Amino acid sequence: MPAKKEQIWISRELAKCSGCRKCEIACSLFHEKRIWPESSSIRVFMLVPGAEFPHLCAQCEDYPCVKVCPFNALSISSKTGAVLVNKEKCTACGKCITACPGRIPHMHPKERHVVICDLCNGSPQCVKVCREGGWNVLKTVSRRNMTYALYARKPEEIARDLAVKFYGEKGEGFV
């Protein structure tokens, strides 16, 4: 019997992000078969100039999005630990978005379902393109001992922390 594959997670070194958005392109190409960043599971935010960062599902330990779905449209992959969306069951009610501490799921731009990172069935395309580009912002690691809460935050909170890291203590005009 083959050994069970260890579940993965995408770690992030947010301060290294160049804002190139190749991760968005790779994700949309893989899932939509075309360049369509609006449909990507990973989003790059720039809420403060110079502080761009990728925002994607943190694969929380308690999966609040899965628990709150009234239609059982969300499940957890036994292979990767990723949240999977059943497009047929999803009604785009948005309860998963509200339940997510990072407000990460978003509505597909044309279809009636939410978009959440499914880790590309164990081979995240965003990680591959980031590594190939030499940025290494995104890395695939074991799910063990990860601090999910650090990344399961709203983009505004992450941008604030990055701005303070880059520019010093919070001043007038910061988010």
Total formal charge among the other residues, if their Cβ is under 13 angstrom from that of residue 10, Lys/Arg +1 and Asp/Glu -1: +3
Scattering profile of the chain at q = 0.08, 0.19, 0.20 Å⁻¹ [log10 I(q)/I(0), Debye over alpha-carbon scatterers]: -0.24, -1.34, -1.45
Out-of-range pairs (alpha-carbon distance over 22 Å; input 89/110; 128/165; 95/165; 16/154): 128/165; 95/165
Peptide ranges 132-143, 37-48 listed from the most packed, as the mean C-beta count within 10 angstrom indicates: 37-48, 132-143
Calculated on alpha-carbon atoms, Rg and Dmax of region 80-175 in Å: 16.2, 47
On Cα atoms only, tilt of 22-32 relative to the major axis of the chain in degrees: 20
Cross-link reach list, aspartates and glutamates versus residue 33, counting only Cα pairs under 14 Å and skipping chain neighbours closer than eight places: 24
Orphan Cys of the chain, criterion: no other Cys C-beta under 4.7 Å: 17, 20, 27, 60, 69, 90, 93, 100, 120, 130
Virtual spin-label span in nm between residue 13 and residue 142, 7 Å along Cα→Cβ: 2.1
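No lab work stands behind these numbers, since they all come straight from the coordinates. Nothing here was measured: the structure is a model prediction, and the numbers come from that model. Note: ideal-geometry Cβ built from the backbone for every residue, glycine included; neighbour counts use all protein chains shown.
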